[in-house]
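Chemist: Could you have a look at this structure, given as structure tokens, before my questions?
FYI, it's all coordinate maths here, none of it is from the lab. Predicted, not measured: the structure shown is a model, and the values here were computed from it. We place every Cβ from the backbone using ideal geometry, glycine too, and count neighbours over all the protein chains shown.
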There are 6 protein chains.
Amino acid sequence: MPYIRIEITREGVTQEQKKQLIAGATELMVRVLDKDPATTFVVIDEVDLDNWGVGGRPVVEWRREQAEARSG
Amino acid sequence: MPYIRIEITREGVTQEQKKQLIAGATELMVRVLDKDPATTFVVIDEVDLDNWGVGGRPVVEWRREQAEARSG
Amino acid sequence: MPYIRIEITREGVTQEQKKQLIAGATELMVRVLDKDPATTFVVIDEVDLDNWGVGGRPVVEWRREQAEARSG
Amino acid sequence: MPYIRIEITREGVTQEQKKQLIAGATELMVRVLDKDPATTFVVIDEVDLDNWGVGGRPVVEWRREQAEARSG
Amino acid sequence: MPYIRIEITREGVTQEQKKQLIAGATELMVRVLDKDPATTFVVIDEVDLDNWGVGGRPVVEWRREQAEARSG
Amino acid sequence: MPYIRIEITREGVTQEQKKQLIAGATELMVRVLDKDPATTFVVIDEVDLDNWGVGGRPVVEWRREQAEARSG
């Protein structure tokens, strides 16, 4: 009876994509661990961009810097 | 100093019900583990229906199929 | 289909106490929210004392200071 | 930069199975959301059987009852 | 590659404060554990006041009682 | 009343380092958000190396490849 929590930035993830995440994570549990889908939970947590940090700064700033470094 | 996280689908849970969840979870810690309520946290996380999966599909689809199977 | 996570310090919680936590948390979901026990998960996370902090220090130090302050 | 947490019961999951869970969860993020694997974290949390409840009792008891109900 | 989750009540935390939380938590990982900021995630989870309990009741009630007890 | 969860790989983190993580995370809440240390929890979750993935593979493999790429 797995519980899978998927935390991602909130950036327009569609209902169809959420369905694919739920289906894919569940299939993974069935295929690798022979778990029962009926007792497999998948929870998607969409996190506002301001609330996600990487590299010591908000993700939007960090992405901009990474892009500049590459193009620089 | 327990921390209890209650994840449920967002479906019109009332303020009164949330109070009962907080009171009940705290009492459980006091009764079973003799914990101090003053250092017992309860966090309720309401998850959008599209973001909760079970049986490999969104919970709304899964419930519909379960109902059809029973009535079928 | 609730998921409840109970985080407590690892201090000799017995198997019987764990059963009571699982039963109590599940009953709370049934009583307050009319949830189905068959799709209610309870996960107990026992955290080593060194790994839990409150008041800016490990819980063992904090408890000792609280006790001294009261007896002082 | 997704973070995926996989909580499962601790029942002899092998190193090879863990590799497959990590690879599969990461591929899912790439395929569905076009995420960068280099900033995709997967954390597997193995939970002792006594610490996982479903149906209001420890998972081992619950499985036994389900099996008896089916064979009964 | 640490993952730090900061759960706080939703009470007007500003974008600037969020930046300071992200920077501070990341610096802590670098200073104490010599971690690489590029693989350090910080996620801030703002929880509605009704959804956070302490002392067996919603945090707003609990704060009011604490204030009354002090002024009383 | 913040709750901070620090998830790191289990690699010989000392008791002294844990104390610094607890103190530092609590100070951050006081400095940035004016929170009360007495109701600030810090939980450190040490994750076995096999159970942490990045870049689609276990962290140990990923680090080796990164090192080879740099030296290569």
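Chemist: Quick check on the protein assembly as shown: take the gyration tensor over C-alpha atoms, sort the square-rooted eigenvalues as a ≥ b ≥ c, and tell me if it's rounded (a/c under 1.5), prolate or oblate.
Modeler: Rounded, since a/c falls under 1.5.
Chemist: So how far, in whole Å, is the C-alpha centre of segment C:21-67 from the one of segment B:2-57?
Modeler: Centre-to-centre distance over Cα atoms comes out at 11 Å.
Chemist: Grab the Cα-Cα distance for residue B:17 and residue B:67, subtract it from 0.36 nm times how many residues apart they are, and report the gain in nm with one decimal.
Modeler: 15.4 nm
Chemist: What trypsin sites (Lys or Arg not before Pro) in chain C are in a loop by DSSP, with at most 15 other Cβ atoms within 10 Å of the Cβ?
Modeler: Answer by residue number: C:10.
Chemist: Continuing with the same structure: Please state the charge dipole magnitude for segment F:3-71, taken about the Cα centre, from unit charges on C-beta atoms (+1 on K and R, -1 on D and E), reported in debye and rounded to the nearest 20.
Modeler: 140 debye
Chemist: Using only Cα atoms, tell me the angle between helix A:59-71 and the longest principal axis of chain A; keep it within 0 to 90° and round to the nearest 10.
Modeler: 60 degrees
Chemist: Pick out, from B:53, B:71, B:4, the residue whose Cα sits farthest towards the positive end of the charge dipole of chain B, with +1 on the Cβ of Lys and Arg and -1 on the Cβ of Asp and Glu.
Modeler: Of the candidates, B:71 comes out farthest on the positive side.
Chemist: How compact and how long is chain A, expressed as Rg and Dmax of its alpha-carbon atoms in Å?
Modeler: 16.3, 51
Chemist: Taking the Cβ of each residue in C:28, B:49, E:33 as the centre, tally the other Cβ atoms inside 10 Å and list the residues starting with the fewest. List each step's numbers first, then the result.
Modeler: Details: C:28 23, B:49 13, E:33 17.
Sorted ascending by nearby Cβ count, the order is B:49, E:33, C:28.
Chemist: By how many degrees, 0 to 90 and rounded to 10, does the Cα axis of helix B:15-33 deviate from the longest principal axis of chain B?
Modeler: 60 degrees
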